[in-house]
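Each remark here refers to the structure printed beneath this line.
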């Protein structure tokens, strides 16, 4: 979330993590008050096709952390999860268990963002439908794709050892589209950690026209907002 808005990305997942970006929207308002969060709840309670959002990852690392915690605390039963991204080697996409070391004492999931960004950038190079491919609706504008590709890997050396990290390509570069996709991917892994079998649930008709950006009939929806 930002100081004047919440950005939301809805992603549908099919067999072998083939992905369809369903929706991307910016909700304008004051995150310190209840109205913007109510607007967010309306979005998350919506359906895309015939399926609801199955899981949500809410980034609590930015502004208005207290409001984000409260939003998640009252919606844990709907799998609205408080998360915080962390870069660095060896951090799993989704933790085995959450921490409660936060002021709200709610489950907080630490997401390994570097591993997801590696996967996303590799998958953006895929040109054919299938495992790992990402499909985009035509309505997304150039700014979305600039944000999605706003980072690059930088390697620096400390005491002769290479340290690899993801950094903005340019100072001040916006990357909300990338972050939102990363956390939607993390939400999927949260579902998998709970026992969801993606390929089993995604079985069924899965041949939508790619030009429409439509998800397969049995896609699994996850979302991120921040």
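Where the centroid of each part is defined by its Cα atoms, how far is region 22-77 from region 125-202 in Å?
Here the two parts' Cα centres lie 20 Å apart.
Please give the contour-minus-distance gain from residue 86 to residue 199: 0.36 nm per residue of separation, less the Cα-Cα distance, rounded to one decimal in nm.
Full extension from residue 86 to residue 199 adds 37.9 nm.
If you build a Gaussian network model of the chain, linking Cα atoms that sit under 10 Å apart, which residue out of 112, 87, 14 swings the most?
Comparing 112, 87, 14 in a Gaussian network model of the chain, the most mobile one is 87.
Fewest to most neighbouring Cβ within 10 Å: what's the order for 83, 163, 134, 22?
Values: 83 28, 163 12, 134 17, 22 23.
Fewest to most other Cβ atoms nearby, the residues stand as 163, 134, 22, 83.
Top mean-square fluctuation among 136, 71, 157, Gaussian network model of the chain, C-alpha springs under 10 Å?
Judging by the Gaussian network model, the answer is 157.
Using the alpha-carbon centroid of each, what span in Å lies between region 78-98 and region 2-16?
16 Å
Can you sort 65, 99 by how many other beta carbons sit within 10 Å, fewest first? Write down the numbers at each step before the final one.
Details: 65 18, 99 12.
Least crowded to most crowded, the residues run 99, 65.
Starting from the 7 Å offset along Cα-to-Cβ, what nm value, one decimal, do you get for the label separation of residue 174 and residue 141?
Using points 7 Å along Cα→Cβ, the separation is 0.8 nm.
Using Cα springs under 10 Å in a Gaussian network model of the chain, which residue among 141, 118, 23 shows the largest mean-square fluctuation?
141
Under a crude label model (7 Å from the Cα following the beta-carbon direction), how far is residue 155 from residue 51 in nanometres?
Calculated label separation equals 3.8 nm.
With r defined as the distance between the Cβ atoms of residue 103 and residue 35 and R0 fixed at 22 Å, what FRET efficiency is calculated, to the nearest 0.05?
Plugging the Cβ-Cβ distance into 1/(1 + (r/R0)^6) gives 0.40.
Going 7 Å from the Cα of residue 110 toward and past its Cβ, which residues in region 64-103 have a backbone nitrogen under 17 Å from where you end up?
82-103
Which residues among region 1-33 fall inside the zone where the amide N is under 20 Å from a point 7 Å beyond the Cα of residue 63, along Cα→Cβ?
Answer for this model: 1-9, 25-33.
Below 8 Å, C-alpha to C-alpha, sequence gap of six or more: please give me the relative contact order for the chain in percent.
About 31 percent, as a whole number.
Can you pull the one-decimal nm distance between simple spin-label points at residue 28 and residue 75, each 7 Å off the Cα toward Cβ?
So the label points at residue 28 and residue 75 sit 2.2 nm apart.
No lab work stands behind these numbers, since they all come straight from the coordinates. Note that this is a predicted model, so its numbers are computed, not measured. No Cβ is skipped: glycine too gets one built from the backbone with ideal geometry, and neighbour counts run over all protein chains shown.
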